[in-house]
Every structure is written in structure tokens, then in C-alpha cells.
Amino acid sequence: MGTAPFGPGRVQGIMVRMRAVVQRVNGAAVVVDGETVGEIVGPGLCVLVGVTHDDTPAKAAQLARKLWSVRILEGEKSCSDLDAPLLVISQFTLYGDARKGRRPTWNAAAPGDVAEPLVDEVAEQLRSLGASVETGRFGADMKVSLTNDGPFTIVVEV
């Protein structure tokens, strides 16, 4: 039996999930129009969050729990162990598909009116767990700077 090309959690036959690129950092900041809108100092995580069409607040909460507890900081510690901050930034380009042609498509990325509240929900769920969270500005031309510690970067999907 074949895979349906579209449907719940699928785009062109590929299973898609809420996605985050997580970088262990020693400081990170987001600047919009010359203004720093989010910044963490010292050890923590810079998290780029991508949302797809079928993501839900429950998935946002699941991602937040994973980010708060994943043991990728120094000494195999988590943000919850060290009370380390997180910088959460929306990133629809995580769903760019460049397998065909020379320009990526964004079919799997949720539209802004779906994605923005879910990225906000990840940040709010982290705060409810006790995290110190900074954010970017949804839909803005953001300049992100960071010092990747390691370097150490992983992809988390829920």
C-alpha cells in the first residue's frame, strides 16, 4: 500500500513534525531594525522553531518539555538542571524543501496565523516550566548572532 502524498502530518509523502534546531550557546541575541529584541548571556540554548500545518498546542508543550530537559549543556546537563536561559526564534525556513529545482519550496511551513501562536506557545510553556526565555519577533527581518559552544547543534522533532 502506497503513502498518500498529502494528509495529516504529510507533505509530498514525507512525515512532518514540529521541528527545532537547537544550538548550545554561550550567548545569543536577536536584533530587529537595530534594536536588540531578545538576548541571553552565558550558557544556554538558541532554538529555531519551525511549525507545520498539523502542529498543535499539545505539540508545542511537548517540544517545550523536551527543550527544557534535553541534556546537551556542559557535563550532560539540561537547562532545567542549570537554570540556563533559552532564546526561542520562529524559523519557517526549517521547512524549506530544495530537493527539486534551484529554489526551495515552503509547502510544509504553516502560514503565519497558524505558526505565530504555536511558537509563542513553546515560549510560554517553557516559562511555565520555570525557564528564562527570550524571543525574536515573529515575521521580522531578524539578525541573529550567537556563539555556538562546541559547536553543538541538534534537530529535535515532536
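Key figures
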read-out	value
Residue match in region 95-102 (condition: assigned to a strand (DSSP E or B) and surrounded by 18 or more Cβ atoms within 10 Å (Cβ to Cβ))	no
Positions within region 40-68 being in a helix (DSSP H, G or I), touching a residue at least 12 places away in the same chain (Cβ under 8 Å) and of a type in the set (A, V, I, L, M), in sequence order	60, 61, 63, 64, 67
Selected residue [at pLDDT 95 or above and of a type outside the set (D, E, K, R)] from 30, 16, 11	30
Within region 88-119, considering residues that are over 17 Å from the mean Cα position of the chain (by Cα) and of a type in the set (Gly, Ala, Ser), the one farthest from residue 56 (Cα to Cα)	101
Residue count for region 95-147, restricted to those that are charged (D, E, K, R) and under 21 Å from residue 29 (Cα atoms)	9
Enumeration of residues in region 104-158 that are closer than 28 Å to residue 82 by Cα, assigned to a helix (DSSP H, G or I) and in contact with a strand residue (DSSP E or B) (Cβ under 9 Å, 6 or more places away or on another chain)	118, 119, 120, 122, 123, 124, 126, 127
Residue list for region 93-103, restricted to those being of a type in the set (A, V, I, L, M, F, W, C) and either out of contact with any strand residue (DSSP E or B) (no Cβ under 9 Å at 6 or more places or on another chain) or under 21 Å from residue 133 (Cβ atoms) (or both)	94
Residue match in region 113-131 (condition: out of contact with any Phe, Trp or Tyr (no Cβ under 9 Å at 6 or more places or on another chain), surrounded by fewer than 17 Cβ atoms within 10 Å (Cβ to Cβ) and farther than 23 Å from residue 40 by Cα)	yes
Residue list for region 71-94, restricted to those being surrounded by fewer than 18 Cβ atoms within 10 Å (Cβ to Cβ) and not in a helix (DSSP H, G or I)	71, 77, 78, 83
Number of positions in region 24-39 that are free of Cβ contacts under 8 Å to residues at least 60 places away in the same chain and in a strand (DSSP E or B)	2
Count of region 24-62 residues which are acidic (Asp, Glu) and under 17 Å from the mean Cα position of the chain (by Cα)	3
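The values are calculated or read from the model by the stated rules, or taken from the named source; none is laboratory data. For clarity, every value in this text was computed on a predicted model and none was experimentally measured. A quick note on method: Cβ atoms are made from the backbone with ideal geometry, for glycine too, and the neighbour counts reach across all protein chains shown.
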